[in-house]
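Below is one structure, written out as structure tokens; the observations come after it.
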Amino acid sequence: MNLETAKDTPITLTKPLSKTELKFRGIWKYRWQFAMILPGFVLVFLFNYMPMAGIQVAFKDYNIFEGIWTSKWIGFENFYFLKDSEFWRVFSNTIWITVLKFAFGFPAPIILALLLNEIKNKTFKKWVQTLTYMPHFVSWIVVAYIVEALLSQSSGLVNELLTSMGMKRIYFMGSEEWFRPIIIISSVWKEVGFSAIIYLAAIAGLNPQLYEAAIVDGANKWKQTLHVTIPGIMPTIAIMLILTIPNLLNAGFDQIYPLQNPVNLPVSEVIDTYVVKTGLNQGYYGPATAIGLITSIVQFMLVVGANQLSKKYGDTRLF
């Protein structure tokens, strides 16, 4: 009976789905996940990709009354700054500050995370974490006021201590010699705690059996850190390094601009402040856009190069 029924049943062939239909089904399957990330995509498109239309200002004699699209094309005339000694002085200041920030600011959160990991008293550890995290949420304007209050030549706490010890007052904010150390120290102080969170999370994810095996082999705390902890978080360090390297041309406008004055300007003028003054204050929108374009291209090359080096000499890469 079953065989006869099967013979009498017509065979229907299902048309195979096209690639477009398969993709749509995949999207529909994860529709709620896509809905959750959609606002992020919209924001990135509006504030990162749409403004890229303004790149053409770098190649135009831009006039605010004519607009971006109708201003006259002038080719590479806005790139005259590449022959200007003032620009290269600003470029040198930027490299100095960013390299020093990288040299002190990149290893600092790693060291802090390693030290916090060794603290066994949970209450004390939480207090240290809180005190080191809090500066991250303080505006750079507020930090500038704090720095001015501490280092003021007339009433600053540091100068008051110097005079109490019989030493002369120092005009820190007007000294070319002191400006860079002030920038580096304030930058590390503000960001070291928050940046350490990533490394603490990486350390927390390490297998405890690795430490047990190291203890069995007779490794002390230093050797455990050197041969277990640091190699274990090396992929995280590599990713953070790739993300940090493009900032070698970003000295930090919001940090430096509030601390600038005519006296320290020879060492405090960086690309970020130079672009703002050239574009907004002086109205040279074309050259300012050209500088921003060159900076973006160099930063893109740096991140690609760092990613390729990480891929070549290790197993970690960003893309």
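Read-outs throughout are calculated quantities, based only on the coordinates presented, and are distinct from any laboratory measurement. All values reported here derive from a predicted model rather than from experimental measurement. With ideal geometry, Cβ positions are generated from the backbone for all residues, glycine too; neighbour counts draw on all protein chains shown.
The table below lists the values:
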read-out: Dipole axis of the chain (+1 Lys, Arg; -1 Asp, Glu on Cβ), positive-most option in L151, T163, S186; value: S186
read-out: For the range 280-310 and the range 88-145, distance of Cα centres in Å; value: 25 Å
read-out: Estimated D of the range 88-246 in µm² per second, where Rh is the Kirkwood radius over Cα pairs and Stokes-Einstein applies at 4 °C, 1.567 mPa s; value: 71 µm²/s
read-out: Highest to lowest packing among 288-300, 199-211, scored as the average C-beta count within 10 Å; value: 288-300, 199-211
read-out: Sequence-separation-based contact order of the range 138-269, relative, with Cα cut under 8 Å and 6+ spacing, percent; value: 32 percent
read-out: Centre separation in Å (Cα based) which lies between the range 40-79 and the range 167-197; value: 36 Å
read-out: Ranked by how many other beta carbons lie within 10 Å on average, peptides 59-65, 232-238 from highest; value: 232-238, 59-65
read-out: Volume per residue that the Cα convex hull of the range 45-109 spans, once the total is divided by residue count, Å³; value: 135 Å³
read-out: Charge dipole of the chain about the Cα centre (unit charges at C-beta), most positive-ward option of I74, L309, N264; value: L309
read-out: About the Cα centre, charge dipole magnitude for the range 112-173 (Lys/Arg +1, Asp/Glu -1 at Cβ), debye; value: 280 debye
read-out: Relative contact order (percent, whole number), the chain, Cα cutoff 8 Å, 6+ residue spacing; value: 23 percent
read-out: Volume per residue that the Cα convex hull of the range 228-319 spans, once the total is divided by residue count, Å³; value: 125 Å³
read-out: Charge dipole magnitude, Cβ of K and R +1, D and E -1 - the chain, Cα centre, debye nearest 20; value: 820 debye
read-out: Net charge contributed by nearby residues that have their C-beta within less than 13 Å of Y171 (K/R +1, D/E -1); value: -1
read-out: Cβ-based exposure ranking for K311, K83, K221, in which fewest neighbours within 10 Å come first; value: K83, K221, K311
read-out: Sorted peptide list for 137-146, 42-51, criterion being average Cβ within 10 angstrom, highest first; value: 137-146, 42-51
read-out: Estimated [θ] at 222 nm from DSSP helical runs (n ≥ 4, -39500 (n - 2.57)) normalised by residues in the chain, nearest 500; value: -19500 deg cm²/dmol
read-out: Rg followed by Dmax, in Å, when the chain is reduced to its Cα trace; value: 28.1, 113
